[in-house]
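The values are calculated or read from the model by the stated rules, or taken from the named source; none is laboratory data. The structure displayed is predicted, hence computed values, not measured ones. Cβ atoms come from the backbone with ideal geometry, glycine included; neighbour counts cover every protein chain shown. Just the protein is used for accessible areas: all its heavy atoms, side chains included, with ligands, DNA and RNA removed. Shrake-Rupley method; radii C 1.70, N 1.55, O 1.52, S 1.80 Å.
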Amino acid sequence: MARLQLQNVTKRYGDFHAVRDVTLDVPDGEFLVLLGPSGCGKTTTLRIIAGFVEATAGVVLLGGRDVTTLPPWKRNAGLVFQNYALFPHLSVAENVAFGLEMRKVPKPEIAPRVAEALRLVRLGHLGERLPRQLSGGQQQRVALARALVFKPDVLLLDEPLSNLDAKLRQEVRIEIRQLTRELGLTTIMVTHDQEEALTMADRLVVMSDGSVRQLGTQQDLYERPADRFVAGFVGRSTFLEGAVEASGKFRTDGGLDIKCPNGSVGPASLALRPERISLGTGPLQGFDNQLPGVVDFVSYLGANIDVHVRLPSKERVIVQIPNREGGPDLRTGDSVHVGWAASTGALFAGAERGAEALR
Amino acid sequence: MAQTVTATATPPARVEDERGGSLLSAGVLIGPATVIVAMGLLLPICILFRYSLNQFKPRVMMVEAFTLENYVKFFTDPYYTNIFFTTLKVALICTAICLVLGFPLAYVLARTQTRFKNILIMLVVLPLFVGNAVRAAGWMTLFGSKGFLNVTLMDIGIISEPMQIMFTEGAVIAGIIAVNLPYMVLTLQSVIEGIERNIEEAAFSLGAGPFAMFRRVLWPMALPGIIAGTILTFILGMNAYATPVLLGGPKFKMMGPLVFGQFQLNNWPFGAAVSFILMSATLVLTATANILIQRRYRR
């Protein structure tokens, strides 16, 4: 358990920047999530921390110790792999004991520590089994116990839940979070699943193209996305392209005038959260922006309904409405009205049209 | 199976039907190979075994009998037991060296990310494209007393007398290794490829250095391949023929040439007995080694 610092860490493969100038300071006991689409450099960053990839430039400090050039076996980092990577020829207990044996922990001490670690992950009774005799969820917990048992300075989780089915995943992420909190473990987790990231993290790092796009709490990322990429990747956003004509006045490419937060004049995108837009079958009142539209597409998600609404300018916004009893029964072609407050939109200057990460 | 509708109505009949069908097609698939193996291997072995119990009389050649005298002759004459132990020694040394040389090579081949991987594998197999006899002939021109190496070294003046490289045990061992190494490498490579790189990384992250990782993870996990490769090279080493004849010369004896020599002398009963001793020894030794290793690492 220790503080982890990355200072200007860069990894280049020829001309390709896998990781660009990443600086992170993770205090002791924090659960930090690296979030981003595949190929964004999050896994490479994790592997640099673990010692499998040597940084081209920059420094990695673990508990104040410079570990930049140390091989993995000399760093005290517990690693949980996506496919668990358990040793198939060793029993569960032998798997968990491996890290202790490598650290030359005296024999009589090993058994109780293994038992304790297995108890923590609620597998105390399965020590004699072989990994292949366990379910995916159980294997995952063995991998966790194996990484925890030697009291690592930092726990590294590489998409640890992506091989579990959806229901189990929700249980396990709460279990992992409680465990790391209980043990006060500094934890770095890599994931591309934003829901997972949002539930588990103390703070999150959104990465893309090898760079850190934004670092902050869930609220920071969701309410105050630093750029268009983050607005699209964390939660969902509908982007309207256009330009800020005067402070607080946005004109879309299609010609709609929309009231928006203050921003500098010039080309920009306006990001709107689907659940922050109101929808009614009749004209709405009390919103800064009130527009008529036509239902283009309805997707029924159970708890919520996504309504794609075509505005008079042919531009489209997605509106998410809760699936309440007595709610409107919308069909493609219905006339509706949408409305939202000026403060709802997030403005991003420039005509940058990055990947819109709609789920 | 033709009437799907009726068949679905009576599932048991259909199941039986399908089982019958798959048995039939399995029979078609393995039939030809089985016939060839039976005709080409089992039958001759049976005949050979019968021959080994016969007597040999000069002039009349083989005489029908039921005697163990051929076996007794082999085991009581130090000339023959020496040949046997030389063969065993050479085979063991070759197998050990093949394993030591082959494992790193197989590991690199299995783990390499280069797109030239197929070419690398081709290079490993390449020696097999050259027949034993051709290779041995090539080595003679290179290492013979009037071969390229000796002539060059003498011309330069480093040595005054030609070195004896050919017709030594060392030459035979080197020759057999050259033939057997590709088998070892290919067997090991396919097994190591089946071990995920992640598992090695897991060991590293848990504090194992490269040696500890090898000993605790890679070696036990690769063991099935190590056993297979070792058995393969050991059998090939025990039964080597062309290499000991061509590189060992007339004075260096191994079991393979001995068998053939007996048949050349028309002593079929003794040749058959030597064949049987060679085959049994190879079988018993590999089986024993296999059982011992499996017991040690049983899971």
**Complete:** Once normalised by the length of the range B:79-298, the mean sequence separation of its alpha carbon contacts under 8 Å that are 6 or more apart gives a contact order in percent of 29 percent
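Suppose R0 equals 56 Å. What FRET efficiency, 1/(1 + (r/R0)^6) with r the Cβ-Cβ distance, do A:E54 and B:L265 give to the nearest 0.05?
Efficiency computed from Cβ-Cβ geometry: 0.25.
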**Request:** Mind checking the range A:279-320 for trypsin sites (Lys or Arg not before Pro) that DSSP puts in a loop (not H, G, I, E or B) and that have at most 14 other Cβ atoms within 10 Å?
**Result:** A:K314
**Request:** Run the quick spin-label model on B:L126 and A:K107: label points 7 Å from Cα toward the beta carbon, then report their separation in nm to one decimal.
**Result:** 5.1 nm
**Asked** What residue among B:F116, B:F263, B:F167 shows peak mean-square fluctuation when chain B is described by a Gaussian network model with Cα springs under 10 Å?
**Response** B:F116
**Message:** Using only the alpha-carbon atoms, what does the protein assembly as shown span along each of its principal axes? Please give whole angstrom values in decreasing order.
**Reply:** 123, 81, 56
**Request:** Could you tell me which chymotrypsin sites (Phe, Trp or Tyr not before Pro) in the range B:191-246 are loop residues by DSSP with no more than 11 other beta carbons within 10 angstrom of their beta carbon?
**Result:** none
**Asked** Hey, rough spin-label estimate for B:L42 and A:K314, points 7 angstrom out along Cα→Cβ, what's it come to in nanometres?
**Response** 7.9 nm
**Message:** So, R0 is 60 Å and r is the distance between the beta-carbons of B:Q294 and A:V298; what FRET efficiency does that work out to, to 0.05?
**Reply:** 0.40
**Request:** For chain B, just say rounded, prolate or oblate: build the C-alpha gyration tensor, square-root its eigenvalues into a ≥ b ≥ c, call rounded for a/c under 1.5, and beyond that prolate if a/b exceeds b/c, oblate if not.
**Result:** oblate
**Request:** Let me have the relative contact order for chain A, percent, based on Cα pairs under 8 Å that are six or more residues apart.
**Result:** 16 percent
**Item:** Exposed-site-free run, longest, chain A (rule: GluC sites (Glu not before Pro); DSSP loop; at most 10 other C-beta within 10 Å)
**Value:** A:129-324
**Request:** List the accessible area buried at the contact between A and B, summed over both sides and calculated with a 1.4 Å probe, in Å² to the nearest 100.
**Result:** 2000 Å²
**A:T217/A:L70 FRET efficiency (R0 45 Å; Cβ-Cβ; nearest 0.05)** = 0.90
**Prompt:** With each run of n ≥ 4 DSSP H residues scored as -39500 (n - 2.57), what mean residue ellipticity at 222 nm is computed for chain A after dividing by its residue count and rounding to the nearest 500 deg cm²/dmol?
**Reply:** -7000 deg cm²/dmol
**Prompt:** Restricting attention to the range A:72-127, which trypsin sites (Lys or Arg not before Pro) occupy a DSSP loop and are surrounded by at most 11 other Cβ atoms within 10 Å?
**Reply:** A:K104
**Prompt:** When the convex hull of the Cα atoms of chain A is projected onto a plane and the area is averaged over all directions, what value comes out in nm²?
**Reply:** 21.3 nm²
**Request:** Only bridges with both residues in chain A count here: give the DSSP antiparallel percent, nearest 5.
**Result:** 80 percent
**Message:** At 7 Å along Cα-to-Cβ for each site, give me the label-to-label distance between A:R12 and B:S25 in nm.
**Reply:** 5.7 nm
**Whichever lysines have a C-alpha closer than 30 Å to that of A:K107, once near sequence neighbours (fewer than 8 apart) are set aside** = A:K74, A:K151
**Prompt:** So, with +1 on the Cβ of K and R and -1 on the Cβ of D and E, and no other charges, what is the size of the charge dipole of chain A about its Cα centre, to the nearest 20 debye?
**Reply:** 860 debye
**Alpha-carbon centroids, the range B:80-147 and the range A:18-91: separation in whole Å** = 42 Å
